[in-house]
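The values are calculated or read from the model by the stated rules, or taken from the named source; none is laboratory data. Worth saying up front: this structure is predicted, and the values here are computed from it rather than measured. Cβ atoms come from the backbone with ideal geometry, glycine included; neighbour counts cover every protein chain shown.
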Number of protein chains: 2
Amino acid sequence: MKFIEGGICAVKGVRAGGIKPGKMGIAVIQAEGSAAGVFTRNKVIAAPLMLTRERLAKTGRLSGVIVNSGNANAFTGEQGMADARTMASLLARKLGVDEELIGVSSTGVVGRKLDTDWISSHLQEAMDSMGKDAAASMRAARAIMTTDTIPKEIAIEMESGIRIGGIAKGSGMIEPNMGTMLAFIYTDAQIPSKELQSCLTTAVDKSFNMVVVDGDTSCNDMALLTATGSSGISPGIADFQSGLDLVLTELAKMIAVDGEGATKLIESKVTGAATIEDARLVAKSIVRSPLVKSAIFGKDPNWGRIVVAAGYSGANMDQTKISLSFSAGSEVVELVRSGKVLRNDEETLSRLKSIMGNDEVCIITDLGMGHESATAWGCDLTYDYVRINADYTT
Amino acid sequence: MKFIEGGICAVKGVRAGGIKPGKMGIAVIQAEGSAAGVFTRNKVIAAPLMLTRERLAKTGRLSGVIVNSGNANAFTGEQGMADARTMASLLARKLGVDEELIGVSSTGVVGRKLDTDWISSHLQEAMDSMGKDAAASMRAARAIMTTDTIPKEIAIEMESGIRIGGIAKGSGMIEPNMGTMLAFIYTDAQIPSKELQSCLTTAVDKSFNMVVVDGDTSCNDMALLTATGSSGISPGIADFQSGLDLVLTELAKMIAVDGEGATKLIESKVTGAATIEDARLVAKSIVRSPLVKSAIFGKDPNWGRIVVAAGYSGANMDQTKISLSFSAGSEVVELVRSGKVLRNDEETLSRLKSIMGNDEVCIITDLGMGHESATAWGCDLTYDYVRINADYTT
């Protein structure tokens, strides 16, 4: 398994493009194959999600995807559904495919009518930007950005020869239940849609659903996976799953570190949990805590906040069994072992401050209750988070 | 029912005092009577809570309370239990009462040994500051502060003649499950401890448990209620409950508006819920959302975030039935009625911005699902929140 260049265009059978002249952007992707999708768990669901989920359930296939950034087309009622259908039919006509096989996705402000005239009048420009090279994938990755500061894409080639590539956006509003997080993943493996769906759900649970930026979830989150089959290879499911897990985990980490205003990636590893659900609850509770996030931003060695966040996570735990360490690169500082504070002297706190100064800070919590583990990713809470969100629509 | 001066010292039979020379502080309160307590739901529980909860369950009475600020005495193991017992016995000796009847409470940094020598050597000074007047109540209210910017106290006199007074601290780490929130409430009513406990639990559910500052909960939160009985009056329980609800709700609002770095109070009223649990979930989800909180700080009229927060609250809801308004004072702007956006033009958004500019902003969400309602309180998310928490222990 190795990382390769090219993003989604590293996958045979994928053409992509996109434009982002201002707040609004359009990405277009053409790729024919079996398909699967994972959608937000928010009870307010944007029109494009309703449309895409319904069509995907019916056909199990996609021929292409159209995405706009700048307007979520959420909480827009019947008009929103009509506008999502318009987006699908506009791309279907350009590609000469059935509009039932077009996925539609939106991200941006909630509760405002989508400007379909703008999309219609700019679509040709997006089509003209389409290509099969790395630059084309990058154009699509850029077109779906909102408050993201970097485009997110990745591709791998597995030993069997199959490739998996993905682009994603997400920054702010990211949560375990998938905050405004969009991901479009492609593979040239031959896999029927039922197996694709199962692999995607499993991979999302370990990756996107373990990213926390601010605890909010959006009505627009979706991850779509299309298998073009153009490699001619039908991989073993376990093998494909491991590749898909890697692709989604790498994208998830890119999303976490690009959290609004973030200056560093926080990785929260939980081991020794009685159940996988407990492990996930604790891992996410720690990276979700605004107190933990702002302490790491300020390199404040106030590690007690980690224990407090574990305590209110809802997971089964016992304060006399918990162990806690921080690490960054090869530096490790062990603070608590089986409920006992090992040391809390100036030297230890100063080593902890130094670890907190790194770009990637890992918090390792062992619950001492069993053998399950999980990892969650988040970012620090900074002045810039407040600045970005205090002034988003204006 | 009327508000009166004097805080806890407005209640006959209460003597109080406190000192806060630096980061550490000591408050002492003497009041003999039946008593009740509500404690944190965090699974990590500080030593003073374990001690006080155990003793209260045994005796149903309190003779006094000692509180220190600056160190939470949490996650401190057996040593922490010994230190909490030491605090109780120090005050018991000074007051000449049974140490089993002393409540102990702490707030501050987690995971550090409590400096009982400091407490021991400063206790006499705190005792010397005790009195029965308004200034004495205020000294106790100040002594328990941590990142609080204003002391919090209130007192009322009811028509029956009984009085209820309380002091509280809480700022940051406040959550529905009670973040580092301490409250000491006194009444001169005659009420047995069993009824007191039931009234306190009910009042806490409507007040402190509906305050959200940052979503974290602490291992130290407690509310203690002592009834000295010195009025000689045994009030009807419903009558007493209404007074207690008022006292706790006013303290809860003071805590919300003094959230770390907060510039305004956000009140989230939810009506039309199918169940009281749904109403509470939605009300709290809205005031907990960092996106909503930072939008209100920046007067960004991005009301879609309210609907999104309702959607992920876990409550039963239907996006075609929800209605949404904002108000402040006598100004009201109605944005959504039964799932339909009423208007989203420049004039409406500019009226919304103007409402958001007030010190108290009320968000009214009607779910259109039933007849239950709830109110939660929170504050905006500001640059100062980040500043305070990035640099707490250092």
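Filter the range A:311-322 down to residues that are modelled with pLDDT of 90 or more and more than 7 Å from chain B (Cβ to nearest Cβ) and give me whichever is surrounded by the fewest Cβ atoms within 10 Å (Cβ to Cβ). Taking the candidates together, the pick is A:Thr320. Across the range B:203-232, the number of residues qualifying as at pLDDT below 95 and of a type in the set (S, T, N, Q) comes to 5. Of the residues making up the range B:28-59, those that are part of a strand (DSSP E or B) and either within 14 Å of chain A (Cβ to nearest Cβ) or among the hydroxyl-bearing types (Ser, Thr, Tyr) (or both) number 2.
The sole residue among B:Met254, B:Met317 that is touching a residue at least 60 places away in the same chain (Cβ under 8 Å) and touching a Lys or Arg at 6+ places or on another chain (Cβ under 6 Å) is B:Met254. From the list B:Glu267, B:Glu260, the one residue that fits, being more than 7 Å from chain A (Cβ to nearest Cβ), closer than 18 Å to B:Asp384 by Cβ and among the charged types (D, E, K, R), is B:Glu260. When you look at A:Lys94, is it surrounded by fewer than 19 Cβ atoms within 10 Å (Cβ to Cβ), over 17 Å from A:Gly37 (Cβ atoms) and of a type in the set (Lys, Arg), yes or no? Considered against the rule, which asks whether it is surrounded by fewer than 19 Cβ atoms within 10 Å (Cβ to Cβ), over 17 Å from A:Gly37 (Cβ atoms) and of a type in the set (Lys, Arg), A:Lys94 comes out as yes. Per the listing B:Val307, B:Val282, B:Val270, the residue uniquely touching a Phe, Trp or Tyr at 6+ places or on another chain (Cβ under 9 Å) and hydrophobic (A, V, I, L, M, F, W, C) is B:Val307. Step by step: first the residues of the range A:265-291, then only those that are under 21 Å from A:Asn358 (Cβ atoms) and without any contact (Cβ under 8 Å) to a residue 60 or more places away in the chain, then the one that is surrounded by the fewest Cβ atoms within 10 Å (Cβ to Cβ). Which residue is that? Ranking the candidates gives A:Leu291 first. Among residues that are part of a loop (DSSP other than H, G, I, E, B), over 15 Å from A:Val67 (Cα atoms) and touching a residue at least 12 places away in the same chain (Cβ under 8 Å), A:Glu159 is included. Only residues that are part of a helix (DSSP H, G or I), closer than 18 Å to B:Ala376 by Cα and facing chain A (nearest Cβ under 7 Å) were counted in the range B:285-304, giving 5.
Tell me yes or no: at least one residue of the range A:60-78 is assigned to a helix (DSSP H, G or I) and more than 14 Å from chain B (Cβ to nearest Cβ). No, the conditions are met nowhere in the range A:60-78.
Considered as a group, the residues in the range A:1-27 that are of a type in the set (D, E, K, R) and assigned to a loop (DSSP other than H, G, I, E, B) include one that is farthest from B:Ala309 (Cα to Cα), and that residue is A:Lys12. Reported count of residues in the range A:93-142, each being in a helix (DSSP H, G or I) and either over 30 Å from B:Lys340 (Cα atoms) or not assigned by TED's automatic domain parsing to the domain that holds A:Thr76 (or both), is 17. Restricting attention to the range B:270-281, the residues that are modelled with pLDDT under 95 and within 12 Å of chain A (Cβ to nearest Cβ) total 1.
Total residues in the range A:14-28 satisfying the condition of being within 10 Å of A:Gly64 (Cα to Cα) and touching a helix residue (DSSP H, G or I) at 6+ places or on another chain (Cβ under 6 Å): the figure is 3. Just to be sure, is B:Gly370 crowded, with 21+ Cβ neighbours inside 10 Å, more than 12 Å from chain A (Cβ to nearest Cβ), farther than 30 Å from A:Lys353 by Cβ and touching a residue at least 12 places away in the same chain (Cβ under 8 Å)? In short, no. Within the range B:73-91, restricting attention to residues that are of a type in the set (A, V, I, L, M, F, W, C) and in contact (Cβ under 8 Å) with a residue 12 or more places away in the chain, the residue that is surrounded by the fewest Cβ atoms within 10 Å (Cβ to Cβ) is B:Met81.
Matching residues to (1) aliphatic (A, V, I, L, M); (2) in contact with a Cys (Cβ under 8 Å, 6 or more places away or on another chain):
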| position | (1), (2) |
| --- | --- |
| B:Ile4 | yes, no |
| B:Arg15 | no, yes |
| B:Val28 | yes, no |
| B:Gly37 | no, no |
| B:Glu54 | no, no |
| B:Arg85 | no, no |
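A:Ala82 satisfies every condition listed in (1) more than 14 Å from every other protein chain (Cβ to nearest Cβ); (2) out of contact with any strand residue (DSSP E or B) (no Cβ under 9 Å at 6 or more places or on another chain); (3) closer than 21 Å to A:Met181 by Cα except (3).
The set of residues in the range B:92-116 being under 25 Å from B:Asp148 (Cα atoms) and either modelled with pLDDT under 95 or over 22 Å from the mean Cα position of the chain (by Cα) (or both) consists of B:Thr107, B:Gly108, B:Val109, B:Val110, B:Gly111, B:Arg112, B:Lys113, B:Leu114, B:Asp115, B:Thr116. Can you name every residue in the range A:330-351 that is touching a residue at least 12 places away in the same chain (Cβ under 8 Å), surrounded by 14 or more Cβ atoms within 10 Å (Cβ to Cβ) and within 11 Å of another protein chain (Cβ to nearest Cβ)? If the condition is that a residue be touching a residue at least 12 places away in the same chain (Cβ under 8 Å), surrounded by 14 or more Cβ atoms within 10 Å (Cβ to Cβ) and within 11 Å of another protein chain (Cβ to nearest Cβ), then A:Leu335, A:Val336, A:Gly339, A:Leu349 are the ones that fit. One residue stands out among those in the range A:166-202 that are of a type in the set (Gly, Ala, Ser) and in a loop (DSSP other than H, G, I, E, B): the one that is modelled with the highest pLDDT, which is A:Ala189. Identify all residues within the range B:54-72 that are surrounded by fewer than 17 Cβ atoms within 10 Å (Cβ to Cβ), touching a residue at least 12 places away in the same chain (Cβ under 8 Å) and of a type in the set (D, E, K, R); write none if there are none. Within the range B:54-72, just B:Lys58 meets the criteria.
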